[in-house]
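These notes concern the structure reproduced below.
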Amino acid sequence: MSTLAKKPGYILWFLVLGTCLIAAAGAAGYSFYVGHGQAFNVNRGVPWGILISTYVFLAISCSGLCMISSLGHVFGFEEFTLICRRAILLAILCLIGAFGAIGLDLERPFNMVYTLLSPNFSSAIWWMGTVYGLYLGILIIEFYALMKNNHKLSMITGTVGFLFAIAAPSVLGAVFGLTLARPFWHGAFLPVYILITALVSGTALICLVMYFHHALRGLVMDTKDKRVVRLLGRILRLMIFVLIFSVFWNIIVGLYGAQPGHYEPVKALISGSLSVNFWLGEIVIGLVIPLFLLMRKNRTPFTTMVASLMALVGMFFMRYDMTVAGQLYPMRQGAEGLKQGLFSYSPSISEYLIVIGCIAFSALVYTLAERFLSLDLESEQHI
Amino acid sequence: MKDKRFAIVLDTRRCIDCKACTVACKTENNVPIGDETYRNWVTEEPLRGTYPKLGQSFSPSQCNQCANPPCNSVCPTSATGITIGGIVTVDPDKCIGCKYCMLACPYDARFYNEENGVIDKCTFCIQRVTVGGIPACVETCPTKVRVFGDLNDPNSEVSILLAKNAHRVLKPELGTKPFLYYLI
Amino acid sequence: MARLIDKKLSRRRFLGTSSCVLAVAAVGSQTTVLKALAESGEVTTSTGDGTKDVFTACGMCVNKCGVIARVRNGRIHKLDPNPDYIKSRGMLCARGNAGVKVVYDPDRLKYPLIRVGKRGEGKWRRASWEEALDLVATKMTEIADKYTRAGVMFASTEGTFQEHFFLQLAECFGSTNTVRHPTLCLSSNIQGFSATYGTFPTPDVLNSDYIIMAGANRSEALITPDSIDQLKGDGGRRKLVYLDPRFTKTAAKADEWFPIKPGTDMAFVLAMLNVIVSEGLYAKEFVEKMTVGFDMLPPHVKKYTPEWAAKECEIPAQDIRRIAREFANAAPKAVFYPGRRSSFATDDVQLRRAMAILNAVVGNWDTEGGLVPNSHIPLQKHAYLAPWYDDIPLRIDDGSAVFLSEKDGSWVAMRDRIIAGKPYPVKGMMIYKQNVVMSVPNRTKTLKMMDQMDFICTIDIAMSDTAWYSDVVLPEATYLERQDPLESIGGILPVVAFRQPCIAPLFESKPNLWIMQNLAKRLGSEIAETFDFTIDEYIHHQVSKNPKILHDLKTTGVHYLKVEPTYGLTKGKRLRTKTGKIEIYSENYAKNGLDPLPVYTRHEDVPANKFRLLVGRNAYFTHGTTSNNAYLHELMAENTLWLNSQSASKMGLRDGQSVKVKSNVGEGTLKLEVTDKIRPDCVYMAHGFGVLSKGQSLVYGRGACDAALIEDKLEPISGNVAMHQTFVEISPA
Ligand SMILES: Nc1nc2c(c(=O)[nH]1)N[C@H]1C(S)=C(S)[C@@H](COP(=O)(O)OP(=O)(O)OC[C@H]3O[C@@H](n4cnc5c(=O)[nH]c(N)nc54)[C@H](O)[C@@H]3O)O[C@H]1N2
Ligand SMILES: Nc1nc2c(c(=O)[nH]1)N[C@H]1C(S)=C(S)[C@@H](COP(=O)(O)OP(=O)(O)OC[C@H]3O[C@@H](n4cnc5c(=O)[nH]c(N)nc54)[C@H](O)[C@@H]3O)O[C@H]1N2
Ligand code: SF4
Ligand code: SF4
Ligand code: SF4
Ligand code: SF4
Ligand code: SF4
Ligand SMILES: [Mo]
């Protein structure tokens, strides 16, 4: 661990994250003062912007992390156990970051108490909030258990956590899937699709953790670690493969029959305002290149790391595109601010800064944890 | 009041697109000035035909006060609710501004009101109708495109209009059960 | 959270209330600016008794619709239509609803202002009423002494119910040079119809089965009750034929729309007459009994065949013939709508004569669904003895038109002579409720005329372009803050309207009567005496013969005698024409060397590569006036130049690009709107943009000004201006 402190980049790393956080705090304050109306580019046509998509990105990554890591201590994959602390910690941080993003998107966060005082059980967003809320609690306990090596407790919480890890993303998918008004989102596809993407994000993140855990310390991966990374790589490859299929079919379904409200957003993705995001961000960076890298026989942990990183970036675009595309098609013709019959949205500086802040937060706390907590298991403490 | 079911019947053939209804609504309900802040609107439908044989119609609209309102079922804090006469309202003290209702409404009837920091929408001028008045947009209309009334009263003007005339609602397929009726 | 809202508020408060009239203010919602004004102490939060409903009349345009002002805690919360007000059928248009913003407008005039910079530079200093009025009185007297009392001109427009106090001052001061809006508006219309019927009748739109509207855009240029009634009709039998080079919102509502070639309406009318006369479709015994000179008509219109007319007005002959027959068959429940603004072409009086004659021959006079002479509810006039002055010259524009109104004059003729200084100098300008810079065509000339004035005083409620170019600007209380006298509004169903103050005047604004009285004091006791009354005394005198009127107004906001029209009141009586009959052939015109029957004259065609500039209203603005009202500004933030899509593609111009428009008298730059809603040889822009006054913070710097482009041709019979004979070039800007 002491090796970490000596790294010169280490200080820089903190500086960068620090500035990001300060900038974000500034943006948040500004948006609070002048009002979201002025600070954010979300509008009547596109009320959900990059803050929501970032929330989805982080929340889903969290679930993914748990599912994968659970493979470790729940199903007893020996190889995984050595990173489970990191996985859970990172999951917690992602979730907190996620709550940060959505919290700053709310116009009246202080009225949140009414989710308890006058809950509406027919609201998907209420369930999402509740599920993720409890989930966070469980994760914290689980992390505590892991730190204390309380295997019994970590076993229980891990199992419950695993169930939540499955439930949460599907509820989140339902938030979009249940909006009848928006054919692009509406339907059973989203919950499933979200689940798949969760696995992609989760696997990718764990690969990164594994890799940097060693890289930052200049440790060489022993065969055991290498095996884990290979295994993860294989899982990731499989998931990306499945994902490519679902994306493909989602597009086909959208184009086929040209159903109003479904067709236009898909067109926006493949040839419209979101096409760069889609082709470059989602397809090339997010799916094709990673898949290609992961197919290579003689791939090193490094290539797996690169593939994971790119997959994650792709995921971020995928969230953004999904969130925005669904809103581009107006609920009525002749509405204000339509361009060729569609709305348009691009995030404001404040929105970008807040997004960066939320991610920076997770990263910062994680690095601090690496520094001050012993995230390795006893078995290798003495190294 | 309890046993009432308010509705508005519109005869768009009478609409001259004078926008009196939109200004009346803004003043009556203190809706902020701005392109995206409005409770009702009048759409200039695209020109039909080519010069010199042209036609055009204008369609005013607003919240449908749906009997099965998606905006209501998605609201996490029950800030959105259905009150007397079937009017769908937003309780500013409960609204967290998640904007989920804006996405759920199939009619673009909701918007964020920066003046009071919450979601705003047409309330059929509840402050007027509960004391026996009629909505501002209905009252001010030069050609009386809109007729407001209680559908539970078979003798109300709206009931009679609907009984006598063919009519339609917007996006019936979504099952929102709208209470804005358009004569055809 | 509340704290945050306050913060947002305070931001606007700061902007909303900077006492400088010229503040470029970011205007929040009505309440916000209101709160802002209030919290800065510029509005007493509670004026008078807190919460009440006040009957009054809208002051946003000519129609004076009935209003119930909902006053809450001393603030005007909402203006609702008065359902009892039969003339407006219980409606308020967008402008009427936006009236609240007239009161709570950060841009409104707040204090008397005296110019400190150069004219039109916009440098002002706040002055007390005493100082301002002293200055005005001194200047008026100076000019009167240096030249003559006619050396001070008085320009004004109806609408406030207090204009006659201004005209009284003019008369008592001793100036013959009053000039009013009619010669920018409908004087040729009144002349043409009066020459035929002895009066300017009202079309019974509600009960008419067949209406032809030519150049009267009732769905946008609102005239109550016509704008409402045009859509009613009787059991759907109503037919509306509409002639307009633009596809207006009336066109959208009409049964038939013909994009008539501008300036050729008379050809259409004469051809209809040709058909009706030659096919014997006219009302024979009516013509017999009620008209004179019919026998001259058939030979006169013989050559005006539909085939001939089709070439002129570009409406197919068979349509003209069909419409003529349908019209005659529907008669007498059919009207050729007289129109309102008739400042069209240089022979407009003869066009209106032709319309009048067409209506006469089908016998729709004074019957249901026809042309009905107005009834009036009499009010007692306030008699005063104007001081006598020797050697006051005649009006400067005397003789500039055949039938010139003594009171109204002829705006453009007068302006030309003032600039020429012939026959005598006019060096002082008093302006009341008229925006001459924006309203009189050929803005350059108007400014030239103002340049050579020694003194200009404008009484207004907003920093209009005219106020902007004045030396002293006096703030009148707005129509919602004043007690106005009773006004008798004639029509098929005549009414009496009035205005009561909804709140006390904000800032230092004062009603015109107060301004006139205090000016009169300074102009001499003789003049002051004629103003020796209070507004209440004045009103009680108006109703001295019938106190019920005032009672009705106070209890229902309107007074009327009948809710059902009575027709045929003129049957068997002499009309107010020379012959006492409907004059198809006008001896009077013959005597004055005018065509006794309307003769068609072909106007100059649109030159190659040019377009005819059309003039016309939209439903959101009153003339050049309300485009700076925040509620209306968001309905149309700037004007565009309508250009037909074929013409646009020919010239390779794109929708939305900015273009330069140039006429013989001026130019302007604005965005292009490519549309099919206009003839290929015409262009159109909305009135009220391209303002010069920075005191109109919302519209300043937006769009172009039509008044800068329109040429000021003269209609020589009525002295009306002809606004539709301007050709413009357009080029990419
Ligand atoms: N909203 C609103 N309503 C108003 C007013 C206002 O300012 N705003 N002003 C009031 C006043 S003072 C008046 S006088 C009336 C005026 O009301 P209108 O008499 O209707 O006057 P405009 O709308 O100016 O012109 C009517 C139409 O004439 C068309 N036109 C132009 N040239 C020709 C032509 O050669 N032949 C034919 N057939 N048509 C032609 C124009 O395109 C325009 O649409 O409106 C009154 N009502
Ligand atoms: N280009 C063009 N020119 C036109 C026309 C057109 O269509 N196009 N229309 C013509 C016609 S028909 C007419 S009638 C004339 C009308 O032209 P104007 O008689 O000039 O009438 P407005 O343009 O309405 O200007 C009225 C002025 O009075 C002020 N005002 C409003 N309310 C009050 C009040 O209560 N008290 C006082 N003291 N002032 C007040 C307004 O701020 C404004 O400056 O314009 C004519 N000129
Ligand atoms: S007020 Fe009536 S006529 Fe005017 S736009 Fe609204 S609905 Fe149409
Ligand atoms: S129209 Fe929209 S806002 Fe109104 S009730 Fe229906 S869903 Fe809700
Ligand atoms: S924005 Fe307010 S009203 Fe709309 S769903 Fe969220 S909490 Fe409910
Ligand atoms: S009913 Fe009232 S709130 Fe609804 S649109 Fe009309 S005026 Fe606005
Ligand atoms: S027509 Fe509109 S602006 Fe004119 S008086 Fe009536 S309400 Fe006022
Ligand atoms: Mo006019």
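The values are calculated or read from the model by the stated rules, or taken from the named source; none is laboratory data. On a predicted model such as this, the values are computed, not experimentally measured, just so you know. Positions of Cβ are generated from backbone atoms using ideal geometry, with glycine treated the same way; all protein chains shown enter the neighbour counts.
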Report whether or not C:SER649 is free of Cβ contacts under 8 Å to residues at least 12 places away in the same chain, more than 16 Å from ligand 6 (Cβ to nearest atom) and within 14 Å of another protein chain (Cβ to nearest Cβ). yes
Answer yes if at least one residue in segment B:58-71 is within 17 Å of C:THR248 (Cβ to Cβ) and either touching a residue at least 24 places away in the same chain (Cβ under 8 Å) or more than 10 Å from ligand 4 (Cβ to nearest atom) (or both), and no otherwise. yes
I'd like to know if segment C:619-639 contains one or more residues that are farther than 23 Å from C:SER227 by Cα and more than 30 Å from the chain's Cα centre (by Cα). no
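Look through A:TYR352, A:TYR256 and report the one residue that is part of a helix (DSSP H, G or I), within 18 Å of the chain's Cα centre (by Cα) and surrounded by fewer than 19 Cβ atoms within 10 Å (Cβ to Cβ). Don't jump to the end; show me each part of the working.
On the way: A:TYR256 fails: within 18 Å of the chain's Cα centre (by Cα).
Answer to the selection: A:TYR352.
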Determine whether segment B:115-125 contains at least one residue that is away from ligand 6 (no atom under 16 Å from the Cβ), within 7 Å of chain A (Cβ to nearest Cβ) and within 18 Å of the chain's Cα centre (by Cα). no
Here are some residues: B:TYR107, B:TYR100. Which one is at the interface with chain A (Cβ under 9 Å from one of its Cβ atoms), in contact (Cβ under 8 Å) with a residue 60 or more places away in the chain, out of contact with any Asp or Glu (no Cβ under 9 Å at 6 or more places or on another chain) and surrounded by 19 or more Cβ atoms within 10 Å (Cβ to Cβ)? B:TYR107
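Would you list the strands (runs of 3 or more DSSP E) that sit entirely within segment B:42-86 and hold 1 or more residues that are under 30 Å from C:VAL674 (Cβ atoms) and within 9 Å of chain A (Cβ to nearest Cβ)?
B:58-62
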If the requirement is being within 15 Å of ligand 4 (Cβ to nearest atom) and more than 21 Å from B:ILE126 (Cβ to Cβ), which of these qualifies: B:VAL74, B:VAL42? B:VAL74
Tell me, yes or no, whether segment A:279-302 has at least one residue that is of a type in the set (Lys, Arg), in contact (Cβ under 8 Å) with a residue 60 or more places away in the chain and assigned to a helix (DSSP H, G or I). no
Considering only segment B:88-97, I want to know if a residue exists there that is within 16 Å of A:ALA335 (Cβ to Cβ) and either within 15 Å of the chain's Cα centre (by Cα) or surrounded by fewer than 23 Cβ atoms within 10 Å (Cβ to Cβ) (or both). no
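Here is a list: B:TYR107, B:TYR100. Which entry is more than 16 Å from ligand 2 (Cβ to nearest atom) and farther than 29 Å from B:GLY149 by Cα?
B:TYR100
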Candidates C:ALA590, C:ALA637, C:ALA619 - the one that is under 29 Å from C:VAL349 (Cα atoms), at pLDDT 95 or above and surrounded by fewer than 19 Cβ atoms within 10 Å (Cβ to Cβ): C:ALA590
So the check is Cβ under 9 Å with 6+ separation or different chains; which pairs have a first residue in segment C:545-562 that's of a type outside the set (A, V, I, L, M, F, W, C) and a second one that's loosely packed, with under 11 Cβ neighbours inside 10 Å? C:HIS559/C:LYS548
Over segment A:87-111, the set of residues assigned to a helix (DSSP H, G or I), facing chain B (nearest Cβ under 7 Å) and under 19 Å from A:ALA59 (Cα atoms) is A:PRO109
Could you please find all residues in segment B:120-142 being modelled with pLDDT of 95 or more, of a type in the set (Val, Ile, Thr) and surrounded by fewer than 24 Cβ atoms within 10 Å (Cβ to Cβ)? B:THR123, B:ILE126, B:VAL129, B:ILE134, B:VAL138
Can you tell me which residues in segment C:139-155 are out of contact with any helix residue (DSSP H, G or I) (no Cβ under 8 Å at 6 or more places or on another chain) and closer than 18 Å to C:ASN518 by Cβ? C:LYS139
I need the full set of residues from segment A:29-42 which are in contact (Cβ under 8 Å) with a residue 40 or more places away in the chain, more than 24 Å from the chain's Cα centre (by Cα) and assigned to a loop (DSSP other than H, G, I, E, B), in order please. none
When you go through B:ALA67, B:ALA166 one by one, which is the residue that is more than 16 Å from ligand 2 (Cβ to nearest atom), under 14 Å from the mean Cα position of the chain (by Cα) and surrounded by fewer than 19 Cβ atoms within 10 Å (Cβ to Cβ)? B:ALA67
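Applying the selection to segment C:86-102, what residues are under 14 Å from B:ILE33 (Cβ atoms), more than 9 Å from ligand 7 (Cβ to nearest atom) and of a type in the set (A, V, I, L, M, F, W, C)?
Matches in segment C:86-102: C:VAL100 only.
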Odd one out for A:GLU142 among (1) out of contact with any Ser or Thr (no Cβ under 8 Å at 6 or more places or on another chain); (2) in contact (Cβ under 8 Å) with a residue 40 or more places away in the chain: (1)
Looking for something without any contact (Cβ under 8 Å) to a residue 60 or more places away in the chain, outside any helix (DSSP H, G or I) and within 13 Å of the chain's Cα centre (by Cα) - is there at least one such residue anywhere in segment B:21-38? no
Evaluate the following for C:PRO716: is it more than 17 Å from C:ARG443 (Cα to Cα) and within 14 Å of chain B (Cβ to nearest Cβ)? no
Among the residues of segment A:103-137, count how many are more than 19 Å from B:SER73 (Cα to Cα), surrounded by fewer than 21 Cβ atoms within 10 Å (Cβ to Cβ) and among the hydrophobic types (A, V, I, L, M, F, W, C). 3
Determine whether segment B:115-128 contains at least one residue that is of a type in the set (D, E, K, R), away from ligand 3 (no atom under 16 Å from the Cβ) and without any contact (Cβ under 8 Å) to a residue 60 or more places away in the chain. no
Exactly one of (1) surrounded by fewer than 24 Cβ atoms within 10 Å (Cβ to Cβ); (2) within 30 Å of C:ASP347 (Cα to Cα) is unmet by C:TYR210. Its number? (1)
Name the one entry in C:GLU256, C:GLU285, C:GLU307 that is more than 16 Å from ligand 7 (Cβ to nearest atom), among the acidic types (Asp, Glu), in contact with a strand residue (DSSP E or B) (Cβ under 8 Å, 6 or more places away or on another chain) and farther than 22 Å from C:ASN63 by Cβ. C:GLU256
Condition test on A:GLY158, is it in a helix (DSSP H, G or I), touching a His at 6+ places or on another chain (Cβ under 6 Å) and either within 14 Å of chain B (Cβ to nearest Cβ) or surrounded by 22 or more Cβ atoms within 10 Å (Cβ to Cβ) (or both)? yes
Expected single match for within 14 Å of chain B (Cβ to nearest Cβ) and among the basic types (Lys, Arg) among A:ARG182, A:ARG217, A:ARG227 is A:ARG182
